Amino acid sequence: MNWTLFWILVAVLTGLYVLWTYLYQAEFIKLSTLLYRSGDADAYLKELETFQAKIFYPEHMRKLMSIDAYLAKKDDARVKALFEEIDGFKLRGGDRLTFLQKEVTFYADQKDAEKARAAFAKMQETRGTLSGKNAQYYDSILEECRYTMAIKVDQDGQYAEDLVKKAKEVKDGIPAGVYLYKAAQSFYLRKDMKMARQKLDEAEVKLRSTPYDAAIRGILADKDLSGIMDQKI
């Protein structure tokens, strides 16, 4: 065996893997920044159709990823059309859960309790068919929708403390801010206005300079926190 050739091949493959990982992470960060930091849904959608995005994300994933942009654009008709289209795709278990999560969130925000509950039931059914090393990830997706269902559909603030705990556990400011906002909504539903305002104030700090910032400051300006349940986040 030619060991010199072998080690050269190993070095080349390792280099290619490192390069691929770097480029993938760069594209992921670029997309996340465009939509979740800058709030530029049109630029995000345009980026999804670039050569580099198509390399890293197959068509069904780009369709799935585009839903958040159309939600930001408030293009409900396009979102519903995407739901119908993607529902016909053969998705892996985790991707199917993510897709159903978006359905739950959308219909909960639309105050369509029937469709939200139907999508959540499908999530629970899908979760029951999955196992393996990603079990914790699957459970976390289901848990997120359980919070959404409680707040948006059942008008129940039972998970307020859990959401505060979640906010403390995550490192990234934006997810922490989202958890704090949902905690504020939960305290509001429990008619604990002091805690609702406190957590909303903390959420504003975490979500400063994001598309949510101005809306949260507007809610905080009202002594009754009017509009806190209407914000889609």
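The values are calculated or read from the model by the stated rules, or taken from the named source; none is laboratory data. Treat the numbers as computed from the prediction; the structure is a model and nothing was measured. Neighbour counts are summed over all protein chains in view; Cβ atoms, including those assigned to glycine, are modelled from backbone coordinates with ideal geometry.
Hey, could you check the stretch 180-214 for residues that are more than 18 Å from Gln158 (Cβ to Cβ) and of a type in the set (S, T, N, Q) and say which is surrounded by the most Cβ atoms within 10 Å (Cβ to Cβ)? Residue satisfying both the conditions and the ranking: Thr210. Just one of the listed residues (Phe99, Phe83, Phe120) is closer than 17 Å to Ile151 by Cβ and either buried (at least 18 other Cβ atoms within 10 Å of the Cβ) or of a type in the set (Lys, Arg) (or both), namely Phe120.
Within the stretch 49-104, can you find the residues that are assigned to a loop (DSSP other than H, G, I, E, B) and either among the aliphatic types (A, V, I, L, M) or touching a residue at least 40 places away in the same chain (Cβ under 8 Å) (or both)?
If the condition is that a residue be assigned to a loop (DSSP other than H, G, I, E, B) and either among the aliphatic types (A, V, I, L, M) or touching a residue at least 40 places away in the same chain (Cβ under 8 Å) (or both), then Leu91 is the only one that fits.
Can you find a residue in the stretch 130-143 that is buried (at least 22 other Cβ atoms within 10 Å of the Cβ), under 26 Å from Asp230 (Cβ atoms) and either modelled with pLDDT of 95 or more or out of contact with any strand residue (DSSP E or B) (no Cβ under 6 Å at 6 or more places or on another chain) (or both)? For the stretch 130-143, residues buried (at least 22 other Cβ atoms within 10 Å of the Cβ), under 26 Å from Asp230 (Cβ atoms) and either modelled with pLDDT of 95 or more or out of contact with any strand residue (DSSP E or B) (no Cβ under 6 Å at 6 or more places or on another chain) (or both): absent.
Among residues belonging to the stretch 215-226 that are in a loop (DSSP other than H, G, I, E, B) and loosely packed, with under 14 Cβ neighbours inside 10 Å, point out the one that is nearest to the chain's Cα centre (by Cα). Here the residue is Ser226. Residues of the stretch 42-65 that are over 24 Å from Lys90 (Cβ atoms) and either hydroxyl-bearing (Ser, Thr, Tyr) or surrounded by fewer than 13 Cβ atoms within 10 Å (Cβ to Cβ) (or both): Asp42, Tyr44, Thr50, Phe51.
Criterion first (small (Gly, Ala, Ser) and loosely packed, with under 15 Cβ neighbours inside 10 Å) does Ala72 satisfy it? So Ala72 fails the test.
Only one entry in Thr210, Thr129 is of a type in the set (S, T, N, Q) and under 20 Å from Gly39 (Cβ atoms), namely Thr210. Just to be sure, is Gly94 surrounded by 13 or more Cβ atoms within 10 Å (Cβ to Cβ), of a type outside the set (Asp, Glu) and in contact with a Lys or Arg (Cβ under 9 Å, 6 or more places away or on another chain)? No.
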